[in-house]
Amino acid sequence: MKIAVIGVKGLPPKQGGIEHYCAEVYPRMVAQGHSVDLFARSSYTDCSWLDRHDFQGVRVISLPSLPLRGLDAFFSSAFGAIASSGTRYDIVHFHALGPSLFTWLPKIASSAKVVVTCQGLDWQRAKWGSTSTRMIRLGEKAAVRFADGITVVSKDLQSYFSNTYGRETLYIPNAPASYAESDPTFSYGTSLGLQQGRYMLFLGRLVPEKRPDLLIEAFEALKPDGWKLVFAGGVSDTKVYVSKLLDKVAKNPDVVFAGELRGSRLAEIVRGAGLFTLPSDLEGLPLAMLEAMQEGVPVLASDIPPHQQLLNEQRGILFKAGDVDSCVHSLDWAINNPQEVALMAQSAQKYVKTYYNWDHITAENLKLYTTLTNSSTSLSTSNNISSRPTEIFGRK
């Protein structure tokens, strides 16, 4: 099959769950004899417009983009949809709801089957203004209307599309990446003033919906003796928010901002953590948490549905989302009950290795592609959806 991929910043991955997802899945497809063109943003790849490079067999094509918040994804996805419509593909796969605004173009201009993967309800993210939020919501409606198949990474998202639109989706979860080898002497961690097993780790983009502010408040209220709090992650259109976080902890030496980590340094800091923490109000299915679970690191997280899916059955500790007191109580329990927490981590590690596997995920995507290309209809149940685009885009 010949496959086009749209909505991805680019490869190799630097930061972001979608990019890491694509870095795992599409080279596996190429290895099985399929052809994959991934339309990327030139602002991310640092390449000239229409420049092409190879990533593990995937042809990455850099398209024009604007280094402006919101507009970058909009324009690169539009150009990707146009480019994919001018070439004969079997599958055009859009990632995320915003880029899905352009699913109509290959749907009406080519014979390709259109697939959308939803990693989360991006319009709920606090970083977007009202205009961007409205465009993402329109992308969601377009995906429901025009996609031949929709995949989601959590059962909560599957329920959302069913309840909101009466639309059938296919649940294909994420899986954790394998970390690089790390320094057994913990030299980088030591340079940050850390001690193995004696720090809490927040790994991810520093954005409001992931609630690093709540974690700081809980940590400073608890003041755990001998423990530190480490933030490892980059900024995503949230420089003002991050600046406020830095100001808040400027005089607290026990809160460390390590910045965006990769490779052996990332592996070292994750493996050395005594507790992985994710207090998010909003997630799809968090890769960072899956990776921590795979490494056998104990996990504490907010009790939103995607986290419950991963941590229920005594695989981790859940606290009430948005509740500082609940977070403080759970952190305190985790610190003072190391044996129970270690058993949870072992159970979580076994669970992830059994049920979250990239080879299986690749096979499930290819099975969907094959079903669609061999069928004259889309995989949907859309009794509640108008067949007229004007009705979809004309209403909220």
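Odds and ends about this structure:
- Among the candidates Ser110, Ser84, Ser62, Ser48, residue that is surrounded by fewer than 24 Cβ atoms within 10 Å (Cβ to Cβ), out of contact with any Gly (no Cβ under 9 Å at 6 or more places or on another chain) and in the same structural domain as Arg137 (by TED's automatic domain parsing): Ser48
- Leading residue by the ranking (farthest from the chain's Cα centre (by Cα)) among those in segment 91-107 that are buried (at least 22 other Cβ atoms within 10 Å of the Cβ) and of a type in the set (Phe, Trp, Tyr): Phe102
Yes or no, residue by residue, for (1) charged (D, E, K, R); (2) under 22 Å from Gly233 (Cβ atoms); (3) touching a helix residue (DSSP H, G or I) at 6+ places or on another chain (Cβ under 6 Å):
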| site | (1), (2), (3) |
| --- | --- |
| Val152 | no, no, yes |
| Ser162 | no, no, no |
| Arg167 | yes, no, yes |
| Ala175 | no, yes, yes |
| Asp183 | yes, yes, yes |
| Phe186 | no, yes, no |
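- Qualifying residues in segment 158-174 (those that are among the β-branched types (Val, Ile, Thr) and within 13 Å of Val116 (Cα to Cα)) - the one nearest to the chain's Cα centre (by Cα): Ile172
- Applying a threshold of 8 Å to beta carbon distances and a minimum spacing of six or more residues, or different chains, the list of pairs starting in segment 226-242 at a residue that is modelled with pLDDT of 85 or more and ending at one that is surrounded by fewer than 16 Cβ atoms within 10 Å (Cβ to Cβ) and among the acidic types (Asp, Glu) reads Ala232/Glu260; Gly233/Glu260.
- Selection within segment 309-341: residues that are among the polar types (S, T, N, Q) and either outside the structural domain of Met200 (by TED's automatic domain parsing) or without any contact (Cβ under 8 Å) to a residue 40 or more places away in the chain (or both). The member of this set that is nearest to Ile172 (Cα to Cα) is Asn312.
- In segment 3-15, the qualifying residues are those that are in contact (Cβ under 8 Å) with a residue 12 or more places away in the chain and in a loop (DSSP other than H, G, I, E, B), and the one that is nearest to Gly204 (Cα to Cα) is Gln15.
- In the set (1) touching a residue at least 40 places away in the same chain (Cβ under 8 Å); (2) in the same structural domain as Leu275 (by TED's automatic domain parsing); (3) among the acidic types (Asp, Glu), the condition left unmet by Asp213 is number (1).
- For Pro306, the conditions (1) at pLDDT below 95; (2) farther than 30 Å from His34 by Cβ; (3) in contact with a helix residue (DSSP H, G or I) (Cβ under 6 Å, 6 or more places away or on another chain) all hold with the exception of (2).
- Gln124 vs. criteria surrounded by fewer than 18 Cβ atoms within 10 Å (Cβ to Cβ), outside the structural domain of Tyr351 (by TED's automatic domain parsing) and not small (Gly, Ala, Ser): yes
- Single match in Lys141, Lys239 (criterion: of a type outside the set (A, V, I, L, M) and touching a helix residue (DSSP H, G or I) at 6+ places or on another chain (Cβ under 6 Å)): Lys141
- Taken together, the residues in segment 270-284 that are part of a loop (DSSP other than H, G, I, E, B) and within 16 Å of Trp227 (Cα to Cα) amount to 3.
The values are calculated or read from the model by the stated rules, or taken from the named source; none is laboratory data. The structure presented is a predicted model; accordingly, all values stated were derived computationally and were not measured. Ideal geometry is used to build each Cβ from the backbone, glycine not excepted, and the neighbour counts take in all protein chains shown.
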